[in-house]
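Everything on this sheet refers to the single structure shown next.
The values are calculated or read from the model by the stated rules, or taken from the named source; none is laboratory data. In this text, all values refer to a predicted model and were calculated from it rather than measured experimentally. So basically every Cβ, Gly included, is an ideal-geometry build from the backbone, and we count neighbours across all protein chains shown.
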Amino acid sequence: MTDIAPVPNPALPNPALPNPSAPGATRRFVRADGPDKVTGSGRYAADLQLSGMLHAKFRYADVAHGRITTLDTSAARAMPGVLSVLTHADVPDVRYSPGISDRTLFAKDVVRFEGEVVAAVAATTKEIAQAAVDAIVVEIEPLPVVNDAEEAMAADSPLVHTDWESYEADEAVVRSGNTVSFSSITHGDVEAGLSAADHVITSHHVADASHAAPIEPRAIVAQWEGQKVTVWTSSQVPFDARAGICQTLQLPTNRVRVIVPHLGGGFGGKCGFHFEAQIAALAKAAKRPVKLVFSRREEFLAPDRRREGMTVEITSGVKNDGSITARKARIVIDSGAYASDAAFFPQLAAMHVGGPYKVPNVEIEAHLMYTNHQPSGSVRAPTAPQACWALEAHTDQLADTLGIDPVQFRLQNCVTEGDTGIAGQVYGAIGLKECIEKAVAASDYGAELPDDEAVGVAVSWWPSFPGPSGAHVKIDDDGAGQIITGAQECGTGAVMTLRQLAADEVGLQPEDFEIIYQDTGVAPYDTGATGSQTLINNGRAVVRAARQIADELRKLAADHLEAAPGDIVLADGSAHVAGTPTKNVSIPELAGIAAGGELLAAHGSAPPLDYPTVAATCVGEQGVAGWVAPQFACHAVRVKVDAETGVARVMEISTAHDSGTILNLTGALGQVHGGVLMGIGQALTEVTRYSDEGLQMNAGMLEYKLQTAADAPPITTQFVEPGGEGAGPEGAKGLAEAPNVPTAAAIHNAITKVIGTPVNKLPMTAERIWEVQQ
Amino acid sequence: MEFSIATTVAEALDALQNGARPVAGGTDLVVGVRHGKSSFPDQLVAIDRLNELKSIDASDAGVRVGSLVTHAQLMTDPLITDRYSAIADASALVGSPATRNVGTLGGNVMNGSPAMDTGAPLMVLGAQAELASSAGSVLVDLADLWTGPGQTSAASDQLCVALKMPVRPERSGSAYVRLEYRRAMEIAVVGAAASVALNADGTIADASVALAAVAPTIIAVDGLSTLAAGRTVDEQLLADVASAASEHASPISDLRASDTYRRHTVGVMAKRAFDAAARRATGEVIGIPVNRAIGIGAAS
Ligand SMILES: Cc1cc2nc3c(=O)[nH]c(=O)nc-3n(C[C@H](O)[C@H](O)[C@H](O)COP(=O)(O)OP(=O)(O)OC[C@H]3O[C@@H](n4cnc5c(N)ncnc54)[C@H](O)[C@@H]3O)c2cc1C
């Protein structure tokens, strides 16, 4: 096992730790899109201007639940400068959404959350479009608002979707009434396990909803040429967006091209299919290009991607020897008004409330509930930060009950190689134990600290998601390389690391490759910037393609140097005969030869990876109980709490991650720093507040409190590379989501140590921390 | 909307008399319009080029701070940081470097927000606003200037040209502390400023406390001087200051905090501001702003 020396946050050097390791297997290089972004030369979707372009505005429901009694667009249609006005009546009557087809492009009869689109207008100016939207007469007869996921479970709760039974859905989704999706994981005999315990401990936790809050509000431009439409959109998943357009507007895939200019962040908020079809339909009706740019408020209210609120009740049995005998849990998740992509959330949340521990007897049930809130969907590590926060608070309570040090308790119970997890998966070489040891060792855990400070520790895990993915690789006549990939860059830098993989295969430098990406018209399919999947899937596709080019280069070089292809080594920009570096030919020269004959162009596709088997009984099986290449992490966080006001401040974070082999240290550290900051926000300040009417009360950056650069603590990061079990190239796993998972949990445990009482509400705002002490 | 740029104070006053509203840094006015909180007035006159309103002038009578002095200037000006420290504490907390470089003292004061950061400091330092119009200048006590949230008693043709404060007594100090949930781009959940002057024997000669974000305007805590005079700064006095502040507050509940929490924390802020002011009065150097120098917000 190799590991990398601790790397302090470069902005805040930590003199106690050695410097970043010297160049070795892990490299550090600056992402190719960096200069464009920091100098302002990069172009985003909102920057696009096309001749004759119109501006779109939406009319929203503005109420959480109601029946449309009047929808009159005649005044809007009559306004000069208005070229198209659309409602449900003007588009195909199609229901969509992955898992459960419960949505329409425009509200059909009933509105189920405030941000539901009722009508859309395209006009010559934004102002006219807004005036026209305001001139649409919408009358809505109020229906009872389901404002809480627990209330949605009550037998007498109003139904959010009275027609739920008629919706098409995957057979695996277990649904009923307000229950969008139910999953349970049962393994062993939980009652017997609890009976065998010396102590049985129950705890209850409530996490509020939060937002992805990307800095770029989304923008979409659609333009038709004949029967084909091109849509420029700020999407994390252009192929998904294309599929949504095709499904709802009933078009074959080859008539729709989706292009993503630079993306100004996503964090999951721009996954899925959002508004591309409405804008394409407006453009078609108006016979002109149409552009939509969201305001910050719209970005908060309208997308069906928000981090779900969740309540968790956990009961565990423990023995005096420190072992866990059983775990029982009930999870209720707020899906909001539509399913979005959340049908798998219950099973995923169940895995996270079970946790990366050896628990022989498990019974966890999770309910995803419709409410009249904005729909929830995949935001960076969906369900995991909240579920981990609940479980790790509970874990500290278990250790406390037994009088065992919480770190020792975790080391004793965490899964290691050969252990069986909560769903019965047997793990190979994994690095959780080393993560705990390293993160804790580099922290102040156990050191003498002032009374108002403490170090909290939490562990977490996260799956890697195998999926289909393709790429083209070519080298042109001058030896310059190009990767044409379906992969999408949302800021993680994963796409940028593809250059390193291709370069390594053919003996060039990463900088010798340009990347053409995020255009469904030129590249093969990829799932997109979702599920931390880019490197493990598209990386394998790129390696496959680059290997074919490398084979071609070896053949050409063998001809040229009169040697056997098997003896040709590709390195440092040239091909040489093994053992005789002087017998060589440059790659540009070989590329020149190829350009006159058989071209250096190849296609690679990543074959599916096998999922491990699980022994547990899974009702509502969604494919997320057995994990390919699981990632692990431990965060140890030093927190200072001002007991008089409840204000908590994160002073320092020590992190250790098993995300497999780290290919680009610069990029990997960026992911950890970003994930940690997002985790601090979720822990302390980020929360969506709802009024009694089910409306968001803080849909703006003033009252939705993200963390700022001034709040960033020093972050120390160590990577554990156990090797062997990696799904991706060179043993790489995903990394974009994992760092976001354990931060809030570790902060919780530190706060509890300082004030002596757990704060069982997330975020742990200053007022809540103060309140529990009263 | 009609937009003009004044090159002299007289031009600005003319514009005001003709119905224009002044815009200084625009960080309240323009940002508010962009947020949809308000709309642009029919006429707007930019005053940001009036260099005569950008200086800090000391005299025997005290200090006169031009209304266009920015927060960035206030947090670094030696006279302000040394003798009128509470203002520097407040200005250093405003928004971000960008906000502080553009936002002005006059704008902060005339915007009339009950959560403004420089308001409580100005009040404990005995500031008066110098309002000019074509008819001449008047000095207005701040307690008379702020009449409600976002409201002042200034007439629409009056331009705030300066804030004037008397000389600081011997052995005096001032400080401003605010409750914040993050360390930049924040608005005071509650805030408190204190001014303390000591006798030669270390007992309190005079003291005042003012509070932010707990009433429709910035408010002074009445009777504070009587409560503190002659006493030494100890736990009991600080507890009394906290209670007086909490009792004096009439906070509301909103997204940032409940009334109960505000009432409690404004007391905590008041005693911390009082403590810091008293320590400064003894000559102790506490960095600007107090929020970053000691306690939870300190750098390490
Ligand atoms: C991101 C951000 C963060 C902020 N953070 C804080 C903070 O932490 N604390 C805080 O207190 N404030 C904060 N503010 C508010 C604002 O920056 C300050 O109030 C600033 O001092 C306003 O000054 P200005 O010159 O920009 O005012 P402007 O916006 O130009 O004017 C504000 C109001 O005062 C009037 N006005 C301006 N100058 C005069 C004058 N000389 N005479 C008469 N009327 C006048 C204007 O007509 C307008 O009504 C923040 C604002 C932003 C955008």
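Key figures for this structure:
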item: Hits in the range A:723-774 - residues which are part of a strand (DSSP E or B) and in contact with a Ser or Thr (Cβ under 8 Å, 6 or more places away or on another chain); result: A:732
item: Unmet requirement for residue A:286, which otherwise passes all of (1) over 19 Å from residue A:126 (Cβ atoms); (2) over 29 Å from the mean Cα position of the chain (by Cα); (3) among the small types (Gly, Ala, Ser); result: (1)
item: Leading residue by the ranking (farthest from the ligand (Cβ to nearest atom)) among those in the range B:19-37 that are assigned to a loop (DSSP other than H, G, I, E, B) and away from chain A (no Cβ under 11 Å); result: B:19
item: Hits in the range A:646-675 (condition: buried (at least 24 other Cβ atoms within 10 Å of the Cβ) and within 14 Å of chain B (Cβ to nearest Cβ)); result: A:646, A:647, A:648, A:650
item: Flag if residue A:484 is farther than 16 Å from residue A:467 by Cβ and outside any helix (DSSP H, G or I); result: yes
item: Residue tally, condition buried (at least 23 other Cβ atoms within 10 Å of the Cβ) and outside any loop (DSSP other than H, G, I, E, B), over the range A:518-537; result: 5
item: Whichever residue in the range B:153-191 is more than 14 Å from chain A (Cβ to nearest Cβ), assigned to a strand (DSSP E or B) and among the hydrophobic types (A, V, I, L, M, F, W, C) and, among such residues, is surrounded by the fewest Cβ atoms within 10 Å (Cβ to Cβ); result: B:165
item: 3 or more residues closer than 30 Å to residue A:432 by Cβ, of a type in the set (D, E, K, R) and assigned by TED's automatic domain parsing to the domain that holds residue A:449: qualifying strands (runs of 3 or more DSSP E) within the range A:562-660; result: A:647-658
item: Residue in the range A:701-709 that is more than 23 Å from residue B:181 (Cβ to Cβ) and out of contact with any strand residue (DSSP E or B) (no Cβ under 7 Å at 6 or more places or on another chain) present; result: no
item: Residue B:10 vs. criteria more than 11 Å from the ligand (Cβ to nearest atom), more than 21 Å from residue B:112 (Cα to Cα), away from chain A (no Cβ under 14 Å) and part of a helix (DSSP H, G or I); result: yes
item: Qualifying position, being within 14 Å of chain A (Cβ to nearest Cβ), surrounded by fewer than 23 Cβ atoms within 10 Å (Cβ to Cβ) and either in contact with a Lys or Arg (Cβ under 8 Å, 6 or more places away or on another chain) or within 27 Å of residue B:147 (Cα to Cα) (or both), among B:225, B:253; result: B:253
item: Inter-residue pairs, beta-carbon under 9 Å, first more than 15 Å from residue B:88 (Cα to Cα) and in the range B:104-116, second modelled with pLDDT under 95 and part of a helix (DSSP H, G or I), 6+ apart; result: B:111/B:32
item: Residue ranges of helices (runs of 4 or more DSSP H) in the range B:42-116 with at least 1 members within 10 Å of the ligand (Cβ to nearest atom) and crowded, with 19+ Cβ neighbours inside 10 Å; result: B:71-74, B:85-91, B:97-102, B:105-111
item: Enumeration of residues in the range A:152-178 that are assigned to a helix (DSSP H, G or I), of a type outside the set (Phe, Trp, Tyr) and touching a residue at least 12 places away in the same chain (Cβ under 8 Å); result: A:152
item: The range B:192-206, residues that are within 16 Å of the ligand (Cβ to nearest atom) and away from chain A (no Cβ under 14 Å); result: B:193
